[in-house]
């Protein structure tokens, strides 16, 4: 197996893992007809991060695998949010719905700039991603800790994202990707360890 083949296949493995990680959560939500196991702040952070990830990937001209799966992951997260809304009482969650809409409108403001300043917006999106990826999972971690339960939260999602971050770490080194990607992958590995401890502690 040639080095070039390995270099080409690892980004695809990484992106398939990240996209595939979202599918078990979608299936679990459908199976139990509920997404209450997911924190709304967690989902808003997830949505914002994958939205900005599109700017990051296209603005800095990442490998082709990233350009394919960045939009796919964003659509998958939007689908999970739609499940959250459909399986919940809309009247109770109207304030949260406004948060989603406000978040979307803020992100849409920056869309025109990616066409005129792709590199600058790409780097800016990367640094903002570090901040979001570092913070967005803490509401979910706290929700699990507070409820002493992981019910409604997919361990397959957590595991596949953990593996994805491990491969992302390798890709960042092999392809000399921007520094932001290196920090994001290291953070993801640490968060995966925390989630594993919670699943081990509260599974039963």
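Read the figures in this text as sums done on the coordinates, not as results from a lab. Please read all numbers here as calculations on a predicted model, not as lab measurements. Note: ideal-geometry Cβ built from the backbone for every residue, glycine included; neighbour counts use all protein chains shown.
What angle do you read, to the nearest 10 degrees and between 0 and 90, between the alpha-carbon axis of helix 94-109 and the longest principal axis of the chain?
Here the helix axis deviates by roughly 10 degrees.
Can you compute the FRET efficiency between residue 199 and residue 111 using 1/(1 + (r/R0)^6), with r the Cβ-Cβ distance and R0 = 30 Å? Round to the nearest 0.05. List each step's numbers first, then the result.
Working: r = 37 Å, r/R0 = 1.24.
With a Förster radius of 30 Å, E is 0.20.
Round to the nearest 0.05 the FRET efficiency obtained for residue 174 and residue 119 when R0 = 25 Å and r is the Cβ-Cβ distance.
0.70
Treat region 84-194 as a sphere of radius equal to its Kirkwood radius over Cα pairs and apply Stokes-Einstein at 20 °C in a medium of 1.002 mPa s; give the translational diffusion coefficient in µm²/s, rounded to a whole number.
The estimated diffusion coefficient comes to 129 µm²/s.
Could you please tell me the mean projected area of the C-alpha convex hull for the chain, averaged over all directions and given in square nanometres to one decimal?
11.7
Per-residue ellipticity at 222 nm for the chain, helices alone: DSSP H runs ≥ 4 residues times -39500 (n - 2.57), over residue total, nearest 500 deg cm²/dmol?
-28000 deg cm²/dmol
If you fit an axis through the alpha-carbon atoms of helix 155-174 and take the longest principal axis of the Cα set of the chain, what angle between them do you get, 0 to 90°, nearest 10?
It works out to around 20 degrees.
Working from Cα positions, state the angle (0 to 90°, nearest 10) between the long axis of helix 3-32 and the longest principal axis of the chain.
With rounding to tens, the tilt is 10 degrees.
Does region 27-116 come out rounded, prolate or oblate by the C-alpha gyration tensor, with a ≥ b ≥ c the root eigenvalues, rounded set by a/c under 1.5 and, if not, prolate when a/b is larger than b/c and oblate if not?
Taking the square roots of the gyration eigenvalues as a ≥ b ≥ c, region 27-116 is oblate.
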